[in-house]
1. Starting from region 34-59, keep only residues that are crowded, with 16+ Cβ neighbours inside 10 Å, then list their pairs with residues that are of a type in the set (Ser, Thr, Tyr) and assigned to a loop (DSSP other than H, G, I, E, B) whose Cβ atoms are within a distance under 6 Å, requiring at least 6 positions of separation or different chains.
2. Which ones in region 182-206 are free of Cβ contacts under 8 Å to residues at least 24 places away in the same chain and not in a loop (DSSP other than H, G, I, E, B)?
3. Of the numbered conditions (1) farther than 17 Å from residue 91 by Cα; (2) out of contact with any strand residue (DSSP E or B) (no Cβ under 6 Å at 6 or more places or on another chain), residue 192 satisfies every one except a single condition; which is it?
4. Can you tell me which of (1) within 14 Å of residue 143 (Cβ to Cβ); (2) in a loop (DSSP other than H, G, I, E, B) is the one residue 215 doesn't meet?
5. Search region 32-78 for residues being part of a loop (DSSP other than H, G, I, E, B) and more than 22 Å from residue 91 (Cα to Cα), and hand back the single one that is nearest to the ligand (Cβ to nearest atom).
6. If we only count strands (runs of 3 or more DSSP E) wholly inside region 85-181, which ones have 2 or more residues that are closer than 21 Å to residue 59 by Cα and within 15 Å of the ligand (Cβ to nearest atom)?
7. Within region 15-46, can you find the residues that are at pLDDT 55 or above and among the small types (Gly, Ala, Ser)?
Amino acid sequence: MKRPAAWSRRELLAFGWLPFFRPKHIAVAGARFRILRNGRSTRHYLHIHGNEDTAREVLERHMETHEGIAFLVENQTRNLMVEGLQLDPNRMFSRVGTEISLKGLNPDSTPEQREAAQRTLDRGREHLLSAFLPPPMRGVLIAVHNNSEQYSVMDETPISDAASLREAGNPHAFFLCTDPMDFAVLSQSPYNAVLQQKKPEEDDGSLSRLAARRSIRYVNLEVRLGNKDRQTEMLRWLDWNLP
Ligand SMILES: [Zn+2]
């Protein structure tokens, strides 16, 4: 019996470069991401929190004039639904982190419900990561986020390996990176930057911790929600100056 059209890895590798065969979406357990491509570049971009509208807008615009692949969450809210439970999508990249997020956001959930959500994510986690993660060596993953009053570079400085606070009066705008060479560049910028390179003891399931564990170049760009001009400026600076 012929199986329904499911592309094998070999077929994807053979035809993936043809525009016709390139998927426009990638989805895992209620998390659906739009894929925007521009030219050929080892830069990968990610917008993962659906309520961070400024970051989405800035990244969409950026992709019109800069090369790379961008993944943009289609959800409009911060959290996603997985098997009926709320989950912070930036906590789904490890089982440990997922469990903490599921428990925190669904205090009345049972262990069985959480296990069902975990199993659904187990089936898709690596699939999603294989798309998000940049090619080894020169590739870099750049994630764009927005924050509010509750979160700033001051929360990250104590748990970072190094910090360069060139703009201490504007703590909501900062870079967080996992590669010391990138930090060397970012610390020369007029902006705030922190380095989190060490393999973290506490795994919160976020992409930055996963990147540190797997020695992947990752840069997080945080800017206060609504501050579109500033986020555009910092994203351009990053793209222009990073190797
Ligand atoms: Zn975010």
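The values are calculated or read from the model by the stated rules, or taken from the named source; none is laboratory data. Everything numeric here is computed off the predicted structure, so don't read it as measured data. With ideal geometry, Cβ positions are generated from the backbone for all residues, glycine too; neighbour counts draw on all protein chains shown.
1. Hits for this filter: 50/77.
2. If the condition is that a residue be free of Cβ contacts under 8 Å to residues at least 24 places away in the same chain and not in a loop (DSSP other than H, G, I, E, B), then 183, 184 are the ones that fit.
3. That leaves (2) as the condition not met.
4. It fails just one condition, (1).
5. Step by step, filter region 32-78, then rank; the result is 66.
6. 140-147, 174-177
7. Answer for region 15-46, where residues must be at pLDDT 55 or above and among the small types (Gly, Ala, Ser): 27, 29, 30, 31, 39, 41.
Quick grid of which residues meet (1) aromatic (Phe, Trp, Tyr); (2) surrounded by 18 or more Cβ atoms within 10 Å (Cβ to Cβ); (3) free of Cβ contacts under 8 Å to residues at least 40 places away in the same chain; (4) touching a Leu at 6+ places or on another chain (Cβ under 7 Å):
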site: 102; (1), (2), (3), (4): no, yes, yes, yes
site: 111; (1), (2), (3), (4): no, no, yes, no
site: 117; (1), (2), (3), (4): no, yes, no, yes
site: 121; (1), (2), (3), (4): no, yes, no, no
site: 124; (1), (2), (3), (4): no, no, no, no
site: 131; (1), (2), (3), (4): no, no, no, no
site: 139; (1), (2), (3), (4): no, no, no, no
site: 144; (1), (2), (3), (4): no, yes, no, yes
site: 148; (1), (2), (3), (4): no, no, no, yes
